[in-house]
Structure formats: structure tokens, C-alpha cells
Amino acid sequence: MRERTAAPVGDIIYYDPGKPVEELERELGIEGAVKLASNENPLGPSPRAMEAVRRAMSGVHRYPDGSGYYLKGALARHHGLSRGHFVLGNGTNEVLELLAHAFLDPGDEVVLAECAFVVFSIVAQLSRARRVIVPLRGLTHDLGAMAERVTERTKLVFVANPNNPTGTAVGREEVERFLARVPERALVVFDEAYWHYVSRPDFPDTLAYLRERRNIVVTRTFSKAYGLAGLRVGYGVMDPEVAGYLNRVREPFNVNALALVAAEAALEDVEHVERSVRLNREGKEYLYRALDSLEVPFVPTEGNFLLVEVGDGRATFEALLRRGVIVRPMGGYGLPRHVRVTIGLPEGNRRFIEALQAIREGG
Ligand SMILES: *Cc1c(COP(=O)(O)O)cnc(C)c1O
């Protein structure tokens, strides 16, 4: 038998997506589990997106529009930029991967924060780039320290703002000081998946920087506030020359036909986004109050999820699971004392709190 080895690939961090709810219910012999594990929109997809998908169904024998002409047109109007500024991806995840394909050679350096979104690490490793991992400061990206680690070999710098899983964000002043220190040859990627949920007033308008600088990429997703995680569609906004490189390494039909029409409809469904953001704010306020009264510490969030310091994260995750509440343990992020909980519908949030309380009372 011939040995099969995939040496460097075997070392790549594995993204663990968790099991489907139905499978967990079967394993644990429970019903009606509530999933607060993947930061999905608890209100579901935009109704206008669902209608667009229904209408487009009869056309799925055709290949999708490979250039994403209409969606890019809608995005260009939405952001006041041109079609050439946009690259569409099978989720933001693919846009991040395209950046790595296009710009990283083995041995190049990628600067990222410890405890940042795990996909940054994965795409760097796929390209055999060297990861320069900068510790967080107070669970927030330390942009000053990150700027210090940029060398002539640095090709990409990743900043998730707000960050997942910490829920923290960096402000305008810090970002501008940081950008002034990073040379043009390094691309700075701001991953703004949770942008709609941000409440801090000094959140930077990174798209505006694109008018003066060519080394900025902003990624946004349809997976969170727009409620389309299952369709897989996200986008990057960048200098048209940078976009041209990404489009060269992109698979021609990377975003499927239903995702394209759903995203276009969701973008225009302002009401659904507003409702989602409002629900998130109310859920957040409820959880803050409830956790305060249980005397359980948490990290104030700018996203649709909350990092909660429960003590033994793994044990609490399992105990919550047995009570039908699915959250994320954070050991893989080096936060063994925390779990991450997605802010859900009022009923789901209440079940999380009640289960947590019962566990802490030794129930
Ligand atoms: C959820 C999330 C995304 C979205 O990824 P998709 O591939 O678009 O689903 C991107 N970045 C971060 C930090 C996230 O948490």
C-alpha cells in the first residue's frame, strides 16, 4: 500500500463547523434545541430575498451570471462606488481565500491578531505564508503592535472589525493612526461582517479611505444581518486594480444563481436589516442585564454575539447542550474560560440564561 501524505496540509487549522441541530438532538435525545452557535440571523432570511429565490428557481438550468453584473451594480449604487470596486465570493470566506491566492507566495508574511477570525489563519496557511500573530490588548486588536510587526515581506494584514469571537471593535482614530504607518505595498483587509450591528459612534468609515488609498480591502457578508448564510455570498470592496487580480484567480461561477438574486433583493430590504439590528440591540440589553444579575462576566459586544466568561468553557458548553442550548466553546481560540453565544430571539436568549443559571446553581 502506498503511503499517502499531505504534510503541510495536515498542519492547517481545521475549521470546525459543528454538527447540524438535528444530529445533536438525536444524539442527546432532546427536542427543540436552540442554536446560538453560528451568529446567524434569528429572524431568518429577508422575505424579499426568499421571493427572489422562488422566482429564480425556474432558471437554474442555466449557469449563473459569472460577472455578477446586477449584484455588483446594486452594490455600486448602495456604496456610491463603481462595479469595478467589487469582488463577489462564495461567502466572505472565499474573498479572503482569493486574497491569499492572489497575493501570497510561500514565505510571505501575514500579520493578524491572536484570537481573530480563524479563517485568516487558514488562508495564510493554505498559501504557506508565515503568520505573524500579534496578541490582543484588552481583548481588542492592538493596531499599534500590529503596525510594528509589518516588514518588507508583509503582504496582507487582517483586521476583523468588529472581531469574532471577542465582539470588540477598533475606532476611527486608532485605524487612521495605523493606516498612516502601514506602507502601500501591504494590503490591509478590514473584515466587517458585523458592521450593521456596531453601536460605537466612532466606527471608521473604511470605504471612504478607498478614495485616497489603494491598499485597503473591506469585506462584507450577506451571512449575518441579511440572513443568507446558507446561500454563501459575500463581497470585497477594493481598488479596481486589486479587484482585477482577484477576478483572475476566481473560479468563473463562484457565486450561484440563487445567491446572486437573493443578495440583490436583501440589499434593498432595508426594513429587514433594521428589524434585525433592533432585535439584536434588545437581545443584547436583555443578556447584559441578566448576566449582570447572575454575576457572570462578559465582553461588551459590537456584534450579534457575546463572549461570556463562564469559568470552564468546555464543561459549560456541554451542560448547556444537554439542556438543548447550543453555543460555541472557545478553547480553540485560546479562551478556555469563555463560551460565545449568538444573540437570538427573546425566547432563545431566555433559555440560554435559564440554563446557565441552573448550571451555576449546580442543577
Ligand atoms: C461570520 C463571519 C464572516 C462571514 O463569512 P461568510 O463566509 O460570508 O459566511 C466573515 N468574517 C467574520 C469575522 C465572521 O465572523
Being over 17 Å from the mean Cα position of the chain (by Cα), of a type in the set (A, V, I, L, M, F, W, C) and surrounded by fewer than 17 Cβ atoms within 10 Å (Cβ to Cβ) narrows it down to one residue among VAL270, VAL242, VAL255, VAL308; which is it?
VAL270
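Answer yes or no as to whether GLU31 is assigned to a helix (DSSP H, G or I) and over 28 Å from ARG281 (Cβ atoms).
Details: assigned to a helix (DSSP H, G or I): no; over 28 Å from ARG281 (Cβ atoms): yes.
Answer is no for this residue.
Residue check: is VAL132 buried (at least 22 other Cβ atoms within 10 Å of the Cβ) and more than 11 Å from the ligand (Cβ to nearest atom)? Let's see the steps before the verdict.
On the way: buried (at least 22 other Cβ atoms within 10 Å of the Cβ): no; more than 11 Å from the ligand (Cβ to nearest atom): yes.
So VAL132 does not fit the description; no.
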Residue, surrounded by the fewest Cβ atoms within 10 Å (Cβ to Cβ), within segment 344-363, restricted to residues that are acidic (Asp, Glu) and without any contact (Cβ under 8 Å) to a residue 40 or more places away in the chain
GLU361
Among (1) at pLDDT 95 or above; (2) touching a Ser or Thr at 6+ places or on another chain (Cβ under 6 Å), which single condition is PRO64 missing?
(2)
Per the filter on segment 74-90, residues more than 16 Å from the ligand (Cβ to nearest atom), touching a strand residue (DSSP E or B) at 6+ places or on another chain (Cβ under 9 Å) and in contact (Cβ under 8 Å) with a residue 24 or more places away in the chain are HIS79, LEU81, HIS85
Consider ARG248 against the criteria (1) out of contact with any strand residue (DSSP E or B) (no Cβ under 7 Å at 6 or more places or on another chain); (2) surrounded by 23 or more Cβ atoms within 10 Å (Cβ to Cβ): it satisfies all of them except one. Which criterion is unmet?
(2)
List, please: which pairs have Cβ atoms under 8 Å, are six or more places apart or on different chains, and start with a residue in segment 148-159 that is surrounded by fewer than 19 Cβ atoms within 10 Å (Cβ to Cβ) and end with one that is assigned to a loop (DSSP other than H, G, I, E, B)?
GLU152/ARG185; ARG153/GLY107; ARG153/ASP108
Spot the failing condition for LEU71; the list is (1) within 16 Å of the ligand (Cβ to nearest atom); (2) out of contact with any strand residue (DSSP E or B) (no Cβ under 8 Å at 6 or more places or on another chain); (3) under 28 Å from LEU187 (Cβ atoms), and only one is missed.
(2)
I need the full set of residues from segment 231-252 which are more than 14 Å from the ligand (Cβ to nearest atom) and closer than 13 Å to LEU96 by Cβ, in order please.
MET238, LEU246, VAL249, ARG250
Quick one: HIS141 ticks every box in (1) buried (at least 19 other Cβ atoms within 10 Å of the Cβ); (2) touching a Pro at 6+ places or on another chain (Cβ under 7 Å) except a single one, so which number is it?
(2)
I need a count of the residues in segment 165-184 that are of a type in the set (Gly, Ala, Ser) and within 16 Å of the ligand (Cβ to nearest atom).
2
Answer yes or no as to whether PRO162 is under 23 Å from ASP239 (Cα atoms), part of a loop (DSSP other than H, G, I, E, B) and more than 16 Å from the ligand (Cβ to nearest atom).
no
Members of segment 104-129 found to be more than 25 Å from GLY331 (Cβ to Cβ) and either within 10 Å of the ligand (Cβ to nearest atom) or surrounded by fewer than 20 Cβ atoms within 10 Å (Cβ to Cβ) (or both), listed by number
ASP105, PRO106, GLY107, ASP108, ARG128
Of those in segment 217-230 that are outside any loop (DSSP other than H, G, I, E, B) and surrounded by 22 or more Cβ atoms within 10 Å (Cβ to Cβ), the residue nearest to the ligand (Cβ to nearest atom) is THR221
Those helices (runs of 4 or more DSSP H) lying entirely in segment 42-133 with at least 2 residues within 23 Å of PRO162 (Cβ to Cβ)
69-79, 92-103, 118-126
If ASN93 passes every condition in (1) within 12 Å of the ligand (Cβ to nearest atom); (2) crowded, with 22+ Cβ neighbours inside 10 Å; (3) within 14 Å of VAL189 (Cα to Cα) but one, which one does it miss?
(2)
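The values are calculated or read from the model by the stated rules, or taken from the named source; none is laboratory data. Here the structure is a predicted model, which means the values were calculated and not measured. Positions of Cβ are backbone-derived with ideal geometry, glycine not excepted, and every protein chain shown enters the neighbour counts.
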